[in-house]
Amino acid sequence: MQTSGTNLVQHPLPTPELRGRRKLLGAAALTAALTLACSASWAQTAATAPVKGGAANLAMVGEPQGLDPMVSTADLVGTIMQHVYEPLYTFDANWAIAPMLAEGLPTVSKDGLTYTIPLRKGVKFHNGREMTADDVVASLQRWMELNPRGKAVGKEVASLTAKGALAVELKLKNPYAPLLAQLALPSGMAAIMAKESIAPQLKDFVGTGPYQFKERRPDQFTVLVRFDGYASRKEAASGYAGKREALLDELRFVPVPSANTRVEGALSGQFQYADLLPVEAIGRIEKGAPAVVPIVTKNFGFPYIVFNTKEGVLASQPLRRAVQTAVGTGELLAAGFGDNRFFVVEPNFFPKGTPYYSDAGSKLYNERNPQAAKDQAAKASYNGQPVRIMASRQYEFHYNMALVMSEQLKKAGFKTELQVVDWATLVQRRNDPKLWDVYFTHSGLFPEPMLSPPQLGDGAPGWWESDAKKAALSAFNQATDPAKRGALWGKVQQVVYDEVPFIEVGKFNGLSARSAKLQGYTPAIWPFFWNTGLAK
């Protein structure tokens, strides 16, 4: 729907079970209040159908640290490489699971342990060879070895085998409710790759997507070109699901670390799309109409602060608890977004009215109590080591929140060291526990709790492991009844508040912009550009 020239997209509220899994588990249909409030926006297209040809310059927040969609959980990598690689399953406009490279939903045994996944016939890789079950098995094995979410899934998998050329059988050790959602997420994707291209470090990016990799020049651009041999699904386009068509000849993903430069480039027509703009720019973007269209995505996601639980001063849970006491998340959100139309200060990880809403741990949220924090730190034998806070200005709201957090900690008697780096460097540095104590990031708000943040899985930066975590997540993930899962989520949320592996700051809305000439664009958390063309 349109409001004053703005694409106002109501991001779907988190819902406990996606449609595909509801069919598998026999759960009741979601209530109308939990469906996408304006799902028509997903299907929204310009009045004139996009034409074929041309190239689009797409301004991203920075340079991707790599292009391997399994190794990196960074949204930027997922945004780019979802055009090159595809998963077995994906999400439609209502965040229901839909098949992509799978022919249909899996057949599941009565005990919920064996999934038989049929594969589409005639799907070609970018090297011209047809996809088989062997490619799928090799790809998923790599994902379970390298990716934090993949590792979490891998612990639940007893076996993964090809059943002929066009079927895969996956056997679980125990029922695992998030399985299909885990296979569907674009970020840290369970991407299906040509098995001959698979290596510990990818050199050839050989997928099945509507675009194929052409060239990457660091700090200049990543170019994808149309794959003429693409085998599209026949269903109508819906969210990430259904028909995909490469209308543009080229997609040029341009790293633009300066948020202000992204704004100016969108206004001048240099960029056909500009991602994640500072919210204070909305007035200027609106004044750029009709040539420029602002896109406000409601319930876009949540900023969160990751703690290093492995090494350094905050490896101590009591000291993490002291930091938690010092932090005022309301002040952080105000600093990050300014306009209160763009953020919500609330302790619950999921909104009211959704099955995963819980107030567990809420007393530990937004305390902003420097004296209590100072007392807690003293009892935990804090001896003045600096708390190293890492943030990037490419996401301006990260940086602004980091500045405020640093001051809040100083009031509580902590020494702080603010490390401001570009996003690619942050993503690289966060893998080394010797280099940081805290870093700022954000995530989309998804319908399955296990999809984000990756710290709920295994091996993600922060390296959070504990018996309480294992027990809470095991009970949660083995429950296949949506009502039981909703109740069990509160116990997981309580463990997060108690052990402080990360702090969820609150909820926020996102601002991006597109050229009015970019037709057929569908607003999304990970922006995609199939079915999108340029007006002549």
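Set against the labelled values [x] 22.4, 68; [y] 27.5, 81; [z] 24.9, 83, Rg and Dmax of the Cα atoms in Å computed from this structure falls on [x]. By the count of other C-beta atoms within 10 Å, a proxy for reagent exposure, 432, 135 are ordered fewest to most as 432, 135. Once backbone amide H atoms are built at 1.01 Å from N, residue 96 has 19 as its partners under 5 Å, excluding neighbours fewer than 5 places away on the same chain.
Of all beta bridges that DSSP places with both ends in the chain, some 75 percent have antiparallel geometry.
Using Cβ point charges alone (K and R +1, D and E -1), the dipole size of region 300-509 about the Cα centre works out to roughly 280 debye.
Proximity of backbone amide H atoms, modeled 1.01 Å from N, is registered between residue 238 and 243 at under 5 Å, excluding neighbours fewer than 5 places apart on the same chain. Enter the Cα centre distance for the pair region 306-337 and region 384-417, rounded to the nearest angstrom. A separation of 9 Å, based on Cα centres. Per residue, the average separation of C-alpha pairs within less than 8 Å and at least 6 apart gives region 300-509 a relative contact order of 38 percent.
Ordering 345, 279, 438 by the number of other Cβ atoms within 10 Å of each residue's own Cβ, fewest first, gives 345, 279, 438. Phi-derived couplings, Karplus 6.51 cos²θ - 1.76 cosθ + 1.60 at θ = phi - 60°, listed residue by residue for region 112-122: x, 9, 10, 10, 10, 10, x, 10, 5, 8, x Hz, with x used for Gly and Pro.
The fraction of Cα-Cα pairs per 5 angstrom bin, counted from 0 for region 415-534, comes to 2, 8, 15, 16, 15, 14, 12, 9, 6, 3, 0 percent, rounded to whole percents. Estimated from the Cβ-Cβ distance and a Förster radius of 25 angstrom, the FRET efficiency linking residue 171 and residue 127 is about 0.25. Sequentially through region 509-518, phi angles give Karplus couplings (6.51, -1.76, 1.60; θ = phi - 60°) of 9, x, 10, 9, 8, 9, 6, 5, 6, 7 Hz, Gly and Pro residues having no value and appearing as x. Applying a threshold of 18 Å to the alpha-carbon distances of 52/517; 151/469; 363/410; 52/243; 155/469; 171/484 flags 363/410; 171/484 as lying beyond it. The Rg/Rh ratio for region 300-509 is 0.94, where Rg is the radius of gyration of the alpha carbons and Rh is the Kirkwood radius. For the residue pairs 110/491; 203/434; 234/491, the alpha carbons lie more than 31 Å apart in 234/491. Cα centroids of region 209-263 and region 464-509: 35 Å apart. Along Cα→Cβ, 7 Å out, is where each label goes; now give me the distance between the ones at residue 204 and residue 428 in nm to one decimal. With each label point 7 Å from Cα toward Cβ, the separation is 2.7 nm. Among the chymotrypsin sites (Phe, Trp or Tyr not before Pro) within region 84-173, not one is in coil by DSSP while having at most 15 neighbouring Cβ atoms inside 10 Å. Taking every DSSP bridge with both residues inside region 300-509, close to 60 percent are antiparallel. Counting only Cβ charges, +1 for Lys and Arg and -1 for Asp and Glu, the dipole size of the chain around its Cα centre is about 480 debye. In the chain, a dipole from Cβ-located charges (positive for Lys and Arg, negative for Asp and Glu) runs towards its positive end, and of 218, 390, 482 it is 482 whose Cα lies farthest in that direction. The HN-Hα couplings worked out from phi for region 210-226 by the Karplus form 6.51 cos²θ - 1.76 cosθ + 1.60 (θ = phi - 60°) are x, 10, 10, 5, 10, 7, 10, 10, x, 6, 10, 5, 10, 10, 10, 10, 4 Hz, whole numbers, x standing for Gly and Pro. Over all pairs of different C-alpha atoms, region 495-536 has a mean inverse distance whose reciprocal, the Kirkwood radius, equals 13.7 Å.
Checking every one of the trypsin sites (Lys or Arg not before Pro) in region 232-281 against DSSP loop status and a limit of 16 other Cβ atoms within 10 Å picks out 234, 243.
Helices that extend 15 Å or more along their long axis by alpha-carbon positions and average at least 0.5 on the Kyte-Doolittle scale are absent among the DSSP H runs of the chain. Between region 357-378 and region 79-120, how far is it from one alpha carbon centroid to the other, in angstrom? So the two Cα centres are separated by 41 Å. Near the amide H of residue 418, within less than 5 Å, lie the amide hydrogens of 389, all on another chain or at least 5 residues away, with H placed in the peptide plane.
Taken together, the values in this text are just the output of simple stated rules run on the coordinates, not laboratory data. A quick note: this is a predicted structure, and the numbers were derived from the prediction, not measured. Cβ coordinates were reconstructed from backbone atoms using ideal geometry, including for glycine residues, and neighbour counts include every protein chain displayed.
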